[in-house]
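Let me begin by presenting the structure, written as structure tokens, before commenting on it.
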Amino acid sequence: MADVFRLSGTQYKSAQHRHLSLAQLKVMSAIERCRSAQLGAHHLHCEHCHTDAIAYNSCRNRHCPKCQGSSAKRWFAAREQQLLPVEYYHVVFTLPGEVAQLAFYNKAQMYQLLFKAASQTLLTIAGDTRHLGAEVGTTMVLHTWGSSMMHH
């Protein structure tokens, strides 16, 4: 990803300048500089084979695939250990496009309402004997950026 940002990031930022938030620009910048001379380096020496190497410092940004890939895998493995031996379902709730602008500028209030409406909907439908007739538990995740790193 860093190579893509280094190669095309400037043009992308120019083309999307009205749509990228400061946070998104900071993430892109961190990933571009990750493990490059821009963030500094340290010298490594192997006493066994007498090999020297330069190791460039990482950005440690939570969105960086180089820095957070292994921690994301560890997090997922830990969550997997917590799963109960029951069926799981993936359900997606989406805000209507007409509300998107309002949500962008009132994140805390809108996302709180979205989580409340989504959980009440799931509990009501699952509890109805015409559907599942069960008490269910939920884990909810908010995705505010799409794969194109644009707010959605």
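The values are calculated or read from the model by the stated rules, or taken from the named source; none is laboratory data. This one's a predicted model, so the numbers in the text were calculated from it and none came from an experiment. So basically every Cβ, Gly included, is an ideal-geometry build from the backbone, and we count neighbours across all protein chains shown. SASA here: full protein model, heavy atoms, side chains in, ligands and nucleic acids out. Shrake-Rupley method; radii C 1.70, N 1.55, O 1.52, S 1.80 Å.
So the values come out like this:
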quantity: Any pair with Cβ under 7 angstrom, 6 or more apart, that starts in the stretch 107-135 at a residue that is within 16 Å of VAL86 (Cβ to Cβ) and part of a helix (DSSP H, G or I) and ends at one that is open to solvent by less than 100 Å² (accessible area, probe 1.4 Å) and among the acidic types (Asp, Glu); calculated: none
quantity: Selected residue (only one of SER119, SER29 is at pLDDT 90 or above, surrounded by 12 or more Cβ atoms within 10 Å (Cβ to Cβ) and not assigned by the TED database to the domain that holds MET1); calculated: SER119
quantity: Subset of the stretch 89-120 [closer than 30 Å to PHE5 by Cβ and charged (D, E, K, R)]; calculated: LYS107
quantity: Members of the stretch 50-65 found to be loosely packed, with under 15 Cβ neighbours inside 10 Å, assigned to a loop (DSSP other than H, G, I, E, B) and not β-branched (Val, Ile, Thr), listed by number; calculated: HIS50, ARG60, ARG62
quantity: Residue within the stretch 66-88 that is within 29 Å of VAL4 (Cα to Cα), touching a strand residue (DSSP E or B) at 6+ places or on another chain (Cβ under 6 Å) and either of a type in the set (Lys, Arg) or loosely packed, with under 10 Cβ neighbours inside 10 Å (or both) present; calculated: no
quantity: Residue check, GLU47 in a loop (DSSP other than H, G, I, E, B), outside the structural domain of MET140 (by the TED database) and of a type in the set (Asp, Glu); calculated: yes
quantity: Leading residue by the ranking (nearest to ASN61 (Cα to Cα)) among those in the stretch 1-19 that are in contact (Cβ under 8 Å) with a residue 40 or more places away in the chain and open to solvent by less than 90 Å² (accessible area, probe 1.4 Å); calculated: ALA2
quantity: Selection from the stretch 136-147 of residues that are closer than 23 Å to LEU83 by Cα and polar (S, T, N, Q); calculated: THR138, THR139
